[in-house]
Amino acid sequence: MLRAGAALGGAGARRAAPRRLATSGAAAGGKRDDAAGQEKLKQTPLYDFHRHHGGKMVAFAGWSLPVQYTHSHLESHLHTRQHCSLFDVSHMLQTKVFGRGRVKFLESLVVGDIAELKPNQGTLSLFTNEKGGIVDDLIVTSTSEDHLYIVSNAGCRDKDLALLQNRVKEVQATGGDVSLEVSENALLALQGPAMARVLQAGVSDDLTKLPFMSSAVMAVFGVPGCRVTRCGYTGEDGVEISVPANRAVELADLLLRDPTVRLAGLAARDSLRLEAGLCLYGNDIDENTTPVEASLIWTLGKRRRAAMDFPGASTILAQIKEKPKRKRVGLTSTGPPIRQHMPILSPEGKAIGEVTSGCPSPCLQKNIAMGYVETEYSKLGTALTVEVRKKRCLAAVTKMPFVPTHYYTVK
């Protein structure tokens, strides 16, 4: 997501487990004119804040968001890995599901075991279609306030809302007790090894008791009613803070008072998530990709597999048994950077797949990518080539994440 949105990743992701300035008229994410000739883009409650701080604004999933600030992409990336960065991820869709039938309702749409979640525990899950394709990835938290809190991708907002709202109508038509609410809160992601020290100074809750993929409502630096979830899209220890939209700039300013914290944008977020082996919806997964092909089998709840009661179960379970024809893999390469849509070739020159994401790794100082290859070529260490501007560059299937992740667990 991934999360451009919610946080997708390898097997460890779920098991351990994304205003001092006056807000504009678009404070709750409304549309406003960009430069002449450009389409109208939605804006987060921090739009003017970004401009004030030197944010270079670009179009992303229908929103105007900062791609970077005054520091370079490389500096922002490395600062996040070494210290702490603040990202505006308010474009993500936040929803709440209420009612006695909320768990059964959501399980009719996703592959995860939502019923097993403890109060304020979350999980990454997937909306799937009847063919087993991934409609979107999402983080679901079973809150202690008697509702499910969902964060899903901005680029899938319309179809996700339609999916949820149509299912709500179906359930209500049969007498089921379920309702849906779209949150207008902003969402801030504080990511990096200094996160816990920075945030602890502004909260009374003990963050050592808040492990990865858990959540709590608390006041943050005096801003009440914030939901703090320990998760993120960088591979580092981090939190996502759902904050009332009219207090988002205030909270961002308060977090930036710590000199360790810097603002970071989409460019750093993308390279960070790729180093962490996390998928970007629309690039690395989509409705034509199954959880098995995407190496996301770990998102399937054991009970759900046995019951075969999620959309596309027959296709997905058959692929688990028989193995899919293609698989998502990590790649490292030499030569020029490899990018999305570049062909992946066997040593003999046969086209066996395609790159879905790629960039030079700031931490490893070599090219990294992910993509899909025919399953017989998916073994770690397999030598392949990638066609870059009609030239073949050596590549190898490589374990993901490319850099170690630092998700926080309670010892």
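Once you order the gyration tensor axes a ≥ b ≥ c over the Cα atoms, which shape class does region 287-411 get: rounded for a/c under 1.5, otherwise prolate or oblate by comparing a/b with b/c? Oblate, since a/c reaches 1.5 and b/c is not below a/b.
Placing +1 on the Cβ of every Lys and Arg and -1 on the Cβ of every Asp and Glu, with nothing else charged, gives region 294-352 a dipole about its Cα centre of roughly 200 debye. Overall shape: oblate for the chain, with the ratio a/c of the largest to smallest alpha carbon gyration tensor axis at 1.5 or above and b/c at least equal to a/b.
Taking every C-alpha pair closer than 8 Å and separated by at least 6 residues, the mean separation divided by the residue count of region 256-373 gives a relative contact order of 25 percent.
The apolar share of the surface of region 107-247, taken as the fraction of accessible area on carbon and sulfur atoms (1.4 Å probe, ligands and nucleic acids excluded), comes to 50 percent. Kindly report, to the nearest 10 Å², the accessible surface of residue 292 as traced by a 1.4 Å probe over protein heavy atoms only. So the heavy atoms of residue 292 present about 10 Å² to solvent. Taken per residue, the accessible surface of region 353-411 reaches 56 Å², heavy atoms only and a 1.4 Å probe. Each Lys and Arg adds +1 at its Cβ and each Asp and Glu adds -1 at its Cβ; summed about the Cα centre, region 35-171 shows a dipole of about 200 debye.
Annotation: per residue accessible area for region 216-281 equals 24 Å², rounded to a whole number [probe 1.4 Å, protein chains only].
Dipole size of the chain about its Cα centre, with +1 on Lys/Arg Cβ and -1 on Asp/Glu Cβ: approximately 740 debye, rounded to the nearest 20. Backbone amide hydrogens, once placed in the peptide plane, bring residue 293 within less than 5 Å of nothing, excluding anything fewer than 5 places away on its chain.
State the Cα centre-to-centre distance between region 353-403 and region 176-230 in whole Å. After rounding, the separation between the Cα centres reads 36 Å.
Mind running the shape call on region 97-224? Use the C-alpha gyration tensor, a ≥ b ≥ c as the square roots of the eigenvalues: rounded below 1.5 for a/c, prolate if a/b tops b/c, oblate otherwise. Prolate, since a/c reaches 1.5 and a/b exceeds b/c.
The values are calculated or read from the model by the stated rules, or taken from the named source; none is laboratory data. Being a predicted model, the structure only gives us computed values, none of them experimental. For neighbour counting, all protein chains shown are included, and Cβ atoms are generated from backbone atoms with ideal geometry for every residue, glycine included. Side chains are part of the model used for accessible areas, which takes the heavy atoms of the whole protein and leaves out ligands, DNA and RNA. Shrake-Rupley method; radii C 1.70, N 1.55, O 1.52, S 1.80 Å.
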